[in-house]
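Remarks on the structure that follows.
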Amino acid sequence: MGRLTRRLLLCGSVLLTAGCTRVVAGTALPAFGATPWGVLDVATVLLDQSRMRAITGAGDNLTIIPSMDGRYPVDIDQLAETAPRECRFIYAETATFGTEVAVFHKTTFQDPPDGALISEGAAAYRDTTAARRAFDALVHTVGDCAATSTGWLFVNDWKADADSLQMRPGGCGRDYRVLSVTLLEVTFCGFPESVSAIVMTNIVANVPGA
């Protein structure tokens, strides 16, 4: 396993590899290219490659990992089974975003020369109450994980307020924001925290009504 892949898995991003992912029962997501009527198309709030290149400062070295530009939450069962029950959400996007997701999109970028990775993700729900439920459940789960004997490996320093959540495991990080009907995520390894903050700020600005 290469250095980039190891760092990516530590960040909790998902590698779409045959045999280690699964589809989980829950609210059905729309067919590829379709968005349920009345639900925000989260692809419109995420940043394009040129914007991500400008924010990260990586320029042309920052590229999308082809197998990690997906419209469905994915779980890596083989890794989740190695973590304490409270911390399995790190490898299970269905646990991170919940079962009420209506539309989802997540894209992961790599900067091989600097050994850096960053991803942007967004889940849209049918109403603000469902989005809030997903966020509150995630905060509760992170707290439970942090309280375990090995929780520092998965979340380390973390903090949450009414609308945002941050985790800083090792040299990586995860940032979340609940806004209107969306739950937004930025994960990173090898980039400064300021880059994640700028990415999140720009995504938030794209959410209608923000």
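The values are calculated or read from the model by the stated rules, or taken from the named source; none is laboratory data. Quick caveat: nothing in here was measured; it's all calculated off a predicted structure. Cβ sites come from the backbone with ideal geometry, for glycine too, and all protein chains shown count toward neighbours. The accessibility values were calculated without ligands, DNA or RNA, using every heavy atom of the protein model including side chains. Shrake-Rupley method; radii C 1.70, N 1.55, O 1.52, S 1.80 Å.
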Quiz item: If the Cβ limit is 6 Å and pairs must be 6+ apart or interchain, which residue in the range 168-183 that is under 17 Å from residue 104 (Cα atoms) pairs with which residue that is assigned to a strand (DSSP E or B) and open to solvent by less than 30 Å² (accessible area, probe 1.4 Å)?
Solution: 175/186; 176/165; 176/185; 177/184; 181/124; 182/122; 182/124; 183/123
Practice problem: Mind telling me which of the residues 114, 163, 127, 144 ends up being under 16 Å from the mean Cα position of the chain (by Cα), of a type outside the set (Gly, Ala, Ser) and open to solvent by 50 Å² or more (accessible area, probe 1.4 Å)? | Solution: 163
Exercise. Quick one: which helices (runs of 4 or more DSSP H) lie wholly within the range 14-103 and hold at least 2 residues that are modelled with pLDDT under 90, over 27 Å from residue 128 (Cβ atoms) and under 15 Å from the mean Cα position of the chain (by Cα)?
Key: none
